[in-house]
2 protein chains.
Amino acid sequence: METTCEVPESPWDIYLRNCPCRDVLDLLANKWTALVLGALSRRPHRFGELRRAVGGISQKMLTQNLRAFERDGLVTRTVFPTTPPTVEYALTERGASAGTLLMAVSEWSVANFDGILESRKEYDSRVMEPVG
Amino acid sequence: METTCEVPESPWDIYLRNCPCRDVLDLLANKWTALVLGALSRRPHRFGELRRAVGGISQKMLTQNLRAFERDGLVTRTVFPTTPPTVEYALTERGASAGTLLMAVSEWSVANFDGILESRKEYDSRVMEPVG
DNA sequence: CGGGATCCGGTCGGATACTG
DNA sequence: CAGTATCCGACCGGATCCCG
């Protein structure tokens with residue numbers, strides 16, 4: 001009874017141009033993935049609830065992401081036959097591990113934002129000024 | 001003289017629609033970011049060397065990424081006045097911490113690829129078959 | 001409420017050609 | 001070698017309308 005501890009090494013090399021794993025990396029490296037999985041990491045959400053949690057995401061993109069996540073076994077979609085319909089999205093075990101990883105990325109973005117802003121200011125003044 | 005240990009909590013909330021931190025998250029959640037920073041995590045690279053290390057990346061995208069990384073203080077760009085010119089890209093401390101994070105994401109993609117493929121097969125047969 | 005379908009502009013990103 | 005510049009197609013993603 002272990003988790004994903006026993007994956008020694010796959011034959012896949014993600015640095016190779018046609019490695020099929022790129023699909024997965026592209027899914028994770030998506031504009032909304034980190035935020036959606038991050039929100040679901042806290043607790044299961046209903047559709048509209050999730051839409052409100054992730055500020056700025058459109059209904060289309062949320063649907064598209066959730067479908068992809070469901071297909072890849074990252075989230076489960078449960079429909080309760082109420083009126084109006086209630087649909088709950090929750091992370092699978094696999095989705096939870098991805099969520100943990102990506103929440104770290106989100107947190108890194110927040111924690112390093114101020115420093116990055118300063119780097120940008122310094123870079124821009126270095127590149128733009130001389131020519132003036 | 002501390003590193004980034006003392007960042008208790010920024011006033012930023014990345015789940016808010018107009019949070020400027022989204023810029024940073026978008027940079028990390030880019031198609032090539034994880035692979036480029038991952039390659040640079042091993043050791044500094046010259047341009048062409050890096051291009052070959054990250055299979056499939058075009059010269060344009062590599063340049064674009066490296067410029068953005070340099071601007072945000074993730075990599076340094078060092079030019080040696082040789083003929084032909086030698087340019088070396090290396091991670092800063094900030095870039096190294098981002099690289100560590102993103103390498104975990106790459107490794108997750110590889111480690112979970114097989115399981116995800118099975119999920120897809122099962123999902124597709126469940127969704128496509130019934131209608132025939 | 002939880003979507004599907006469609007239209008459409010903007011940007012991503014590859015291919016190519018040229019420079020020092 | 002290490003780029004810059006340009007063209008251009010693909011698709012990303014928002015807005016809108018509609019349905020059960």
In the range B:7-52, the residues that are of a type in the set (Gly, Ala, Ser) and within 14 Å of DNA strand D (Cβ to nearest atom): B:ALA29, B:ALA39, B:GLY48
Pairs with Cβ under 9 Å, 6+ apart, first in the range A:79-91 and modelled with pLDDT under 95, second more than 6 Å from DNA strand C (Cβ to nearest atom): A:PRO85/A:VAL79
Selection within the range B:51-62 - surrounded by fewer than 21 Cβ atoms within 10 Å (Cβ to Cβ) and more than 10 Å from DNA strand C (Cβ to nearest atom): B:ARG51, B:ARG52, B:ALA53, B:GLY55
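Suppose we keep only residues that are within 10 Å of DNA strand C (Cβ to nearest atom) and assigned to a loop (DSSP other than H, G, I, E, B) within the range A:63-92. Which one would you say is nearest to A:TRP32 (Cα to Cα)? Write out each step before concluding.
First, pick out the residues of the range A:63-92 that are within 10 Å of DNA strand C (Cβ to nearest atom): A:63-64, A:66-67, A:70, A:77-80, A:82-89.
With the extra rule that they be assigned to a loop (DSSP other than H, G, I, E, B), the set shrinks to A:82-85.
Values: A:THR82: 29, A:THR83: 29, A:PRO84: 27, A:PRO85: 25 Å.
Once the filter is applied, the top-ranked residue is A:PRO85.
In this structure, does B:GLY95 turn out to be assigned to a helix (DSSP H, G or I), touching a strand residue (DSSP E or B) at 6+ places or on another chain (Cβ under 8 Å) and touching a residue at least 60 places away in the same chain (Cβ under 8 Å)? Quick ask: steps written out before the conclusion?
On the way: assigned to a helix (DSSP H, G or I): yes; touching a strand residue (DSSP E or B) at 6+ places or on another chain (Cβ under 8 Å): yes; touching a residue at least 60 places away in the same chain (Cβ under 8 Å): no.
No, not satisfied.
Which one is nearest to B:ILE57 (Cα to Cα), of the residues in the range A:11-40 that are polar (S, T, N, Q) and buried (at least 16 other Cβ atoms within 10 Å of the Cβ)?
Narrowing the range A:11-40 to residues polar (S, T, N, Q): A:18, A:30, A:33.
Still in the running and buried (at least 16 other Cβ atoms within 10 Å of the Cβ): A:30, A:33.
On the way: A:ASN30: 17, A:THR33: 22 Å.
Top of the filtered list is A:ASN30.
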So B:TYR15, is it at the interface with chain A (Cβ under 7 Å from one of its Cβ atoms), in contact with a helix residue (DSSP H, G or I) (Cβ under 7 Å, 6 or more places away or on another chain), of a type in the set (Phe, Trp, Tyr) and not in a helix (DSSP H, G or I): yes
Test: B:SER97 is crowded, with 20+ Cβ neighbours inside 10 Å, closer than 21 Å to A:ALA98 by Cα and out of contact with any Asp or Glu (no Cβ under 6 Å at 6 or more places or on another chain): no
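The values are calculated or read from the model by the stated rules, or taken from the named source; none is laboratory data. Owing to the predicted nature of the structure, the values given are computational and were not obtained by experimental measurement. Because the Cβ atoms are built from the backbone with ideal geometry, glycine has one as well, and the counts that use them run over all protein chains shown.
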